[in-house]
Structure formats: structure tokens, C-alpha cells
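In what follows, a single structure is set out as C-alpha cells and then discussed.
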Amino acid sequence: MPTANDIRPGQAIKYKNDVCVVLNVEHRTPGNLRAFVQATLRNIRTGNSSVNKLSSTESVEIVPLYRKKFEFSYADQTGFNFIDPETYETVTFQDDLVGPIKDWLVENGEYEVLYTDDIPASIDLPPSMVMKVTDSPEGVKGDSASHTLKPATLESGITIQVPLFIKEGDLVKVNTSDKKYMGRESA
């Protein structure tokens, strides 16, 4: 059976009779004390994250995970509706699962859902996304002497900083982890 030393970020484990996704793991050896593993775990049932200390020799049960692709369709009062591209079945996820990424949801955008024990654990964003600029003020002539940026609102509602030459209707590539402009895309 695996020990706490064997767990890695992205895995799911049973912890206190609940399934938790491992978000972060640090192996610690403080001075002359016994080594331990400090793990940040997110409980799938409640969605709460907590930092836990595990003995480095403590046995853990690793729960199998699988990923499934879905396309975002629309949001309404029942939740966020996604379509399974294989079966064309509509699946509704609630705000507690979608919450962290709801600003990135674009109609017909493809997203991966992480499942464990047939329960959705999290929705993963791609590392970058191409989105349409819906609102961006004109750049002021003469402001281009240095690397000057202006705000631009994207089709999902996110506002990012873009170069002065970006205008409404342009497609831009955005890093989803830090909301930074990566480049302009052709239509």
C-alpha cells in the first residue's frame, strides 16, 4: 500500500473517510524530529481545502481518477450546462464545482472534467485560450513610446491588459493561470 511519501499533486486519496484531491505536497524534515508530509487537500464532497500533516510512513489509499471532455453550452438558474460531445447528453454542474473558472467559460468552449468515483472533482482550464475582444478603448496616439497597455474586456467578461493596437473584434490568446495577454490570433 502506498505511503504519504508517494502522493503527488493531481492525485485523489481517501482522507478521513472522504475523497480528496491533492493540490500541493511538501516533504518536511524539521531538525531532529520525524519527517512528515504537508499536503493541501480539497475535499470533493464539500469543496473545502485544508492543509494537513501526514506521517511520511502513514498508509494512504489512492483513488483512481479519470478525465472527460465537455463543451460549455449555457448557464441558467439550475447551474452550468455542459454537453458531452460523444453522447450529446447535457450535464449540469453546480456553482461550487464551476466557481473558480466561471469567468473563463465561453460558449462551445471545450473543458476537461476530472472525475473520481463517478463524482466530478474539478474542471480544468487549458493553459491558454483564444477569446474575442468585446470592448477596448482606442489607444491614444503618441502613447507608443514605451510598452503601454490598455484594458480590454473579453467575450467571457474578463478584463485583461493588452497592447494599444488591439481593438474590438480582435482574437487574443490569454494565459489562463495569470490572465496575461500572450498574442493576437488570426480569425
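Of all residues in the range 75-87, which are of a type outside the set (A, V, I, L, M, F, W, C) and open to solvent by less than 70 Å² (accessible area, probe 1.4 Å)?
Taking the range 75-87 and keeping what is of a type outside the set (A, V, I, L, M, F, W, C), we get 76-79, 81, 84-87.
Within the range 75-87, 76, 79, 81, 84, 85 meet the criteria.
Given the structure, is residue 90 of a type outside the set (Gly, Ala, Ser) and more than 23 Å from the chain's Cα centre (by Cα)? Outline the logic, then answer.
On the way: of a type outside the set (Gly, Ala, Ser): yes; more than 23 Å from the chain's Cα centre (by Cα): no.
Against the criterion (of a type outside the set (Gly, Ala, Ser) and more than 23 Å from the chain's Cα centre (by Cα)), residue 90 does not qualify.
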Within the range 28-49, which residues are of a type in the set (Ser, Thr, Tyr) and either over 18 Å from the mean Cα position of the chain (by Cα) or at pLDDT 95 or above (or both)?
29
With respect to the numbered conditions (1) more than 20 Å from residue 104 (Cα to Cα); (2) at pLDDT 90 or above; (3) not polar (S, T, N, Q), which one is the sole condition not fulfilled by residue 138?
(2)
Name the residue that is farthest from residue 132 (Cα to Cα), counting only residues in the range 152-180 that are open to solvent by 60 Å² or more (accessible area, probe 1.4 Å), out of contact with any Leu (no Cβ under 6 Å at 6 or more places or on another chain) and not acidic (Asp, Glu).
177
When every residue in the range 88-125 that is open to solvent by 80 Å² or more (accessible area, probe 1.4 Å) and in a loop (DSSP other than H, G, I, E, B) is compared, the one farthest from residue 153 (Cα to Cα) is 117
Note on the range 27-40: residues part of a strand (DSSP E or B) and open to solvent by less than 70 Å² (accessible area, probe 1.4 Å) are 36, 37, 38, 39, 40
Going by what's in this entry, would residue 69 be described as among the charged types (D, E, K, R), closer than 23 Å to residue 171 by Cβ and either open to solvent by 60 Å² or more (accessible area, probe 1.4 Å) or within 20 Å of the chain's Cα centre (by Cα) (or both)?
yes
Six or more apart or on different chains, Cβ under 9 Å: which pairs go from a residue in the range 34-57 that's touching a residue at least 40 places away in the same chain (Cβ under 8 Å) to one that's in a loop (DSSP other than H, G, I, E, B) and basic (Lys, Arg)? Could you list them?
55/34; 56/34; 57/34
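The values are calculated or read from the model by the stated rules, or taken from the named source; none is laboratory data. Fair warning: this is a prediction, and the values are worked out from it, not measured in the lab. Glycine gets a Cβ as well: all are built from the backbone with ideal geometry, and neighbour counts include every protein chain shown. Please note that ligands, DNA and RNA were not included when accessible areas were found on the heavy atoms of the full protein model with its side chains. Shrake-Rupley method; radii C 1.70, N 1.55, O 1.52, S 1.80 Å.
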